[in-house]
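Visitor: Sharing a structure below in structure tokens format, with a few things to ask.
The values are calculated or read from the model by the stated rules, or taken from the named source; none is laboratory data. Because the structure is a prediction, the values reported are computed rather than measured. Counting neighbours? That spans all protein chains shown, and the Cβs are built from the backbone with ideal geometry, glycine included. With ligands, DNA and RNA removed, areas are computed over all heavy atoms of the protein, side chains included. Shrake-Rupley method; radii C 1.70, N 1.55, O 1.52, S 1.80 Å.
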Amino acid sequence: QVQLVESGGGLVQAGGSLRLSCAASRPALSSYAMGWFRQAPGKEREFVAGISQSGGVTWYADSVKGRFTISRDNAKNTVFLRINSLKPEDTGVYYCAAGRTSGLRLANDYDYWGQGTQVTVSS
């Protein structure tokens with residue numbers, strides 16, 4: 001069982017930046033591909049970014065390419081999501097998730113989830 005804890009969310013003005021973190025409780029994060037998802041009020045959870053076990057491969061939703069950057073530090077069991085040029089439509093709860101296969105975009109394909117961190121972007 002992998003336990004994930006997100007942090008770094010908050011209230012930010014449009015145009016600002018945030019770096020979200022996802023820390024794992026076990027030293028086995030390097031075995032998992034990781035993904036970030038977000039869920040806006042009244043909407044379904046959507047994929048935004050993923051990273052392979054080694055960190056050598058990343059993939060993004062088209063809607064966030066160029067503004068979101070996913071990275072990981074396996075030595076620290078942590079995955080990051082850098083968000084630049086924040087927009088009000090980026091508002092939502094951001095979740096990290098661990099999966100056994102790289103390249104996944106569907107929430108059902110991920111095995112472990114954190115509790116989420118709230119990001120609110122004011123206009």
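Visitor: Hey, can you find the accessible area per residue of the stretch 15-123 for me, probe 1.4 Å, expressed in square angstrom?
Guide: 48 Å²
Visitor: Once the piece of chain linking Thr58 and Ser123 is laid out straight, how much longer is it, given 0.36 nm per residue of separation minus the C-alpha distance between them?
Guide: That pair, Thr58 and Ser123, stretches by 20.4 nm at full extension.
Visitor: Please work out the Cα center distance from the stretch 99-120 to the stretch 1-53, rounded to the nearest Å.
Guide: Cα centres, the stretch 99-120 to the stretch 1-53: 7 Å.
Visitor: Largest first, please: the extent of the C-alpha atoms of the chain along each principal axis, to the nearest Å.
Guide: Each principal axis gives a Cα extent; for the chain these are 39, 25, 24 Å.
Visitor: Now a separate question. How large a share of the accessible area of the chain, in percent, is made up of carbon and sulfur atoms when the probe is 1.4 Å and the other protein chains stay in place?
Guide: The nonpolar share, carbon plus sulfur, comes to 45 percent.
Visitor: Could you rank the peptides 32-41, 83-92, 101-110 by their average count of other C-beta atoms within 10 Å per residue, with the highest value first?
Guide: Going by the mean number of other Cβ atoms within 10 Å, highest first, we get 32-41, 83-92, 101-110.
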